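> The structure under discussion is supplied below as structure tokens; questions concerning it will follow.
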Amino acid sequence: MISTLRYHSYQHPSPAPPFTPTESSILSAALRHVPSHGFSTTTLSLGARDVGYLDISTNLFPRGVFDLVNYHLVTERLRLSQKVDFSKFEDGTKRLSTPAKIRVLCAERLRANSPLINRWQEALGLMSLAGNIPASVSELAKLSDEMWFLAGDDSHDMNWYTKRATLSGVYASTELFMTQDTSPDFEETWKFLDRRLDDVKSLGSSVSNISSYLDFTAHAFSNVLRSKSVPFF
Amino acid sequence: MAFRLARNRALIAPAKSALGAIPRTALFYSTSSKPASSGQPQASEAETHFGFQTVKESLKAGKVAEVFSSVASSYDVMNDAMSFGIHRLWKDHFVRSLNPGRKSGGSPMAILDVAGGTGDIAFRMLDHADKINGDRETTVICADINADMLKEGEKRAQQQGYISTNRISFRVENAETLDSIPDNSVDLYTISFGIRNVTRIPMALKAAHRVLKPGGVFACLEFSKVSPAPLDAIYQQYSFSIIPLMGQLIAGDRDSYQYLVESIKKFPTQQEFAVMIKEAGFMNVGKGYEELTFGVASIWKGVKPLDSK
Ligand SMILES: C[S@@+](CC[C@H](N)C(=O)[O-])C[C@H]1O[C@@H](n2cnc3c(N)ncnc32)[C@H](O)[C@@H]1O
């Protein structure tokens, strides 16, 4: 029963590619304009123009700028398996533990946000709008599943829900922390990530523990949104 | 509602006598009861539907024109009554979602509103371009098969001061051909509550594809199929009995509104129409359509690919 609920691309070989070639070409061109124009309709228009389309062609994206955020989330999740290379951290005898692999995966995925980091709070704001929450939460769950899978944990036990939720909490809070981190090469973010992962290890994956992460995340998140004057829910 | 009806009746009272002059029998035509009254052998000509009646294709355009001539001046009032004013919200959403107008570093847009009738969509487009995008250069051509509808629109454009700006023009055009509109000349093609009246819908889609620039957008707002089923039953009840009755009360013309209701029922499903749009050479947007108010109306969008001829 549990195993049938489990999501993974490896177990459910990829359905249709998530974006058409036209969508991909416009959205990937648009992402290059995010650092200077943010997650905005201007950025979408610039992407469309770059590849020969018109301003009006951005109607191809029914959710507007959120489709651009979603494109980044989906493509970086799918790219994770190609980018991460555990052998860098292993020698002939010593293999990485599952928690160590999780740490590598989180850091790798977070690094993919670094080119957009000065604008990533805008993305978080869009993800928090009522209509976009289901898609954002589901994408976070898929990322968490992908990371557990790549770390070699494909256990089908009851813990699976807990593990997914715990890792989602760790990832989301670190991602948020990173948007406020000004230290060189995000040193503070990696320390923050280590502390969160240590907490999970030492406390075990108890439910109270998860809710404390979610609390932290919700709290920090609402502060960010307030500062951006985005209405929170 | 009662208050509103009473007020609307008073508003259109002067037009009533003019409408009364249209012979009711001319509006509906049954091929079975009058087989060859025109005296011409037409057995080979394709038949099309006119509401629930089946008529020869060559006759439908004329019939549709009659219906809309007979409703032109009371049309806007009737629209309000029929949809309880919701059509305004749908149209606002339609235009806002398209976001017409010049973007920074871009060019003004050329918009073509087909079956534009009294200009409802055209005016909204210009207002949006101006207020949201600070653009007073984007232009709209309001095209309709029926000169009476366009005359109402022109009157409104006059009153509201659009005419002097040269941003709007009115043209008699059949959606199936769009003869005076050059190839690859339009950024945005809209058709609102119009496609269902067109005799050969695939031809209209082809014409839309022809006039749009590569990258241009086709957007259609139209009544559609309600789901879930219990709601549909209620809606059918409402539309088949109440709308013609209101047509009678408000516009003094039950038959024309009977036609409107039946043509809604005959229109393809949301999914089927999305496939027709794709077959005409457009890329569907998302799953192809967006339902409004449980599917009472829907919006379909398609983008013309760069590599199409
Ligand atoms: C229900 S009105 C819609 C008016 C307006 N677009 C609106 O949304 O309020 C339908 C219009 O379609 C026009 N029409 C019907 N068949 C047409 C055709 N083949 N080509 C162009 N216009 C047509 C009618 O004359 C009428 O004005």
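The values are calculated or read from the model by the stated rules, or taken from the named source; none is laboratory data. None of these values were measured; they are calculated from a predicted model. Counting neighbours? That spans all protein chains shown, and the Cβs are built from the backbone with ideal geometry, glycine included. Note: areas computed on protein heavy atoms with side chains; ligands, DNA, RNA excluded. Shrake-Rupley method; radii C 1.70, N 1.55, O 1.52, S 1.80 Å.
> When you count, for each residue, the other Cβ atoms within 10 Å and take the mean per peptide, how do B:227-233, B:271-277 rank with the highest first? List each step's numbers first, then the result.
Numbers: B:227-233: 11.3, B:271-277: 17.4.
So the order, starting with the most tightly packed, is B:271-277, B:227-233.
> Mind giving me the nanometre distance, one decimal, between the label points for B:Val275 and B:Ala147, set 7 Å out from Cα along Cα→Cβ?
So the label points at B:Val275 and B:Ala147 sit 4.1 nm apart.
> Right, here's the next one. Could you work out the mean count of beta carbons from other protein chains within 10 Å of each residue's beta carbon in B:101-107? Please list the in-between numbers first.
Working: counts 2, 1, 11, 5, 5, 8, 2.
Counting other chains' Cβ atoms within 10 Å and averaging over B:101-107 gives 5.
> How would A:Ser81, B:Ser263 line up by accessible area, probe 1.4 Å, largest first? Don't skip to the answer; put the middle values down first.
On the way: A:Ser81 55, B:Ser263 0 Å².
Largest accessible area first, the residues go A:Ser81, B:Ser263.
> Keeping all protein chains in position, work out how much accessible area A:Ser173 exposes to a 1.4 Å probe, and write it in Å² to the nearest 10.
0
> When Cβ neighbours within 10 Å are restricted to other protein chains, what is their mean count per residue of peptide A:58-64? Walk me through the intermediate numbers first.
On the way: counts 5, 13, 9, 2, 8, 1, 2.
Neighbouring Cβ atoms belonging to other protein chains average 6 per residue here.
> May I ask for the distance between the Cα centers of region A:56-106 and region B:189-214, given as a whole number of Å?
43
> Mind ranking B:Asp127, A:Asp198, B:Asp307, A:Asp185 by accessible surface for me, highest first, 1.4 Å probe?
Values: B:Asp127 55, A:Asp198 80, B:Asp307 135, A:Asp185 100 Å².
From most accessible down to least: B:Asp307, A:Asp185, A:Asp198, B:Asp127.
> Another one. On the full set of protein chains, 1.4 Å probe, figure out the accessible area of B:Arg210 and give it in Å² to the nearest 10.
Accessible surface of B:Arg210 is approximately 70 Å².
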